[in-house]
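The values are calculated or read from the model by the stated rules, or taken from the named source; none is laboratory data. Just so it is clear, the structure is predicted and the values come from calculations on it, not from any experiment. All Cβ positions, even for glycine, are placed from backbone atoms using ideal geometry, and neighbour counts span all protein chains on display. The area values use the complete protein model at the heavy-atom level, side chains included, leaving out ligands, DNA and RNA. Shrake-Rupley method; radii C 1.70, N 1.55, O 1.52, S 1.80 Å.
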Amino acid sequence: QRDGSVWTRIWVVAESTIDRRPPVSGATRLAAVIGDPVRHSLSPTLLGAAFAETGLDWTYVALEVADGSVRGALDGMRAFGISGLSVTMPHKAAVAALVDRCVDDAAALGAVNCVVVEEGQLVGYNTDGGGFLDGLAHDSGMDVTGRRVVVLGAGGAARAVVQALAGAGASEVVVANRTLERAEEAAAMAGSVGRAVELSLGHSDGRLEGALVDALGGAELVVNATSVGMGGVSEMSTIHQPVDPALIGVGSVVVDLIYYPAETALMAAMRVRGVETYGGLSMLVCQAARAFTLWTGVEAPVVAMRAAAQDVLASR
Ligand code: NAP
């Protein structure tokens, strides 16, 4: 009886932990994540839950691959017949350069987070941007078409989000970054709707760029893609906010790509002001869900994947 009661929720959680896979056998297919470090990656949790929930005869492991050993890892993928590969830091750019080909988005980003075997070829994809849009749709129901957006940060995550936003029809994508040159490179991912401004942390010194103030004041969506705010729950002061929250309009939606802690200092400040705000868990789940579907052709069990990730994060 799915009535939202405590017992129903316990039943749903218990059900989601059942492993529906057949026992590992000679026919079991293998997928993996490569990174360095990779020990704390949530990918084995997310994809492991997806295979367990769907009952597909796949297993998923984390493989630590040292910087500089990516060519060998991809050769190993071919030799072992590994059926799917997730790629995390610091290998996304190296994999993009070494796979047989990249799909358009990944080629433009120069970064691959998912390798798919297609007719014997290793094909590089990047599911981060699509995962962000899926997560946003799940959390807020927002369609970004025609929206004015500010993205704080210009690293790998920001670039993928900027590209996805422009591709989905955002009318303006302002990239604000501490290093202006990187903001310009990331804004270029959005073509004619992209614009770069400097991100000055003007909490107290009053040296705020007018362009940043104007962009934040008019934004319908603000995305924090800087790493400011990552870390422990005790870090709730303004120095753990990428920008002064007072500059963000109360009518906007704020997404912080950080998923640990579940509520960052920026999110807490926005919540106090009554602003709709979300963390990065949905993007994390949805980019993994896209990888799962690319490998298997099966719809991803996102509810089970999210529950598994929340369980692990809650115990950190
Ligand atoms: P990255 O490539 O290292 O980029 C880091 C960004 O943060 C850069 O724009 C950097 O600015 C900025 N930054 C760092 N310290 C700063 C400071 N003190 N003040 C102002 N700006 C600062 O990292 P990334 O891979 O893009 O990841 C960025 C964040 O997104 C991380 O928190 C990561 O956990 C999160 N993320 C989430 C997901 C998800 O699925 N939810 C996926 C990927 C990443 P400069 O260019 O000036 O150095």
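Observations on the structure shown:
- Applying a threshold of 8 Å to beta carbon distances and a minimum spacing of six or more residues, or different chains, the list of pairs starting in the range 104-122 at a residue that is of a type in the set (Asp, Glu) and ending at one that is open to solvent by 60 Å² or more (accessible area, probe 1.4 Å) reads Asp105/Gly167.
- Screening the candidates Gly55, Gly48, Gly72, Gly35 for the property of being out of contact with any Lys or Arg (no Cβ under 7 Å at 6 or more places or on another chain) and surrounded by fewer than 16 Cβ atoms within 10 Å (Cβ to Cβ) yields one hit, Gly72.
- Val175 vs. criteria without any contact (Cβ under 8 Å) to a residue 60 or more places away in the chain and within 18 Å of Ala107 (Cα to Cα): no
- Annotation: of all residues in the range 263-316 being of a type in the set (S, T, N, Q) and open to solvent by less than 60 Å² (accessible area, probe 1.4 Å), the one that is nearest to Leu221 (Cα to Cα) is Thr277.
- The range 95-129, residues that are within 16 Å of the ligand (Cβ to nearest atom) and not in a helix (DSSP H, G or I): Gly110, Ala111, Val112, Asn113, Cys114, Tyr125, Asn126, Thr127
- Counting only residues that are within 22 Å of Arg39 (Cβ to Cβ), in contact (Cβ under 8 Å) with a residue 40 or more places away in the chain and either open to solvent by less than 30 Å² (accessible area, probe 1.4 Å) or of a type in the set (A, V, I, L, M) (or both), the range 83-94 holds 6 of them.
- Of all the criteria given as (1) under 22 Å from Lys92 (Cα atoms); (2) under 20 Å from the mean Cα position of the chain (by Cα); (3) surrounded by 18 or more Cβ atoms within 10 Å (Cβ to Cβ), the one not satisfied by Val174 is (1).
- Scoring Asp205 on the criteria (1) modelled with pLDDT under 95; (2) away from the ligand (no atom under 12 Å from the Cβ); (3) in a loop (DSSP other than H, G, I, E, B); (4) open to solvent by less than 70 Å² (accessible area, probe 1.4 Å) leaves a single failure, condition (4).
- The single condition from (1) more than 13 Å from the chain's Cα centre (by Cα); (2) at pLDDT 95 or above; (3) not in a helix (DSSP H, G or I); (4) not acidic (Asp, Glu) that Arg316 fails is (2).
For every residue, the table says whether it meets (1) of a type in the set (Asp, Glu); (2) open to solvent by less than 10 Å² (accessible area, probe 1.4 Å).
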| site | (1), (2) |
| --- | --- |
| Asp100 | yes, no |
| Gly110 | no, no |
| Gly120 | no, no |
| Thr127 | no, yes |
| Ala168 | no, no |
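- Reported count of residues in the range 136-161, each being touching a Gly at 6+ places or on another chain (Cβ under 8 Å) and either modelled with pLDDT under 95 or within 11 Å of the ligand (Cβ to nearest atom) (or both), is 2.
- Taken as a whole, the condition of being assigned to a helix (DSSP H, G or I), of a type outside the set (D, E, K, R), more than 18 Å from the chain's Cα centre (by Cα) and over 19 Å from Val149 (Cα atoms) does not apply to Ala288.
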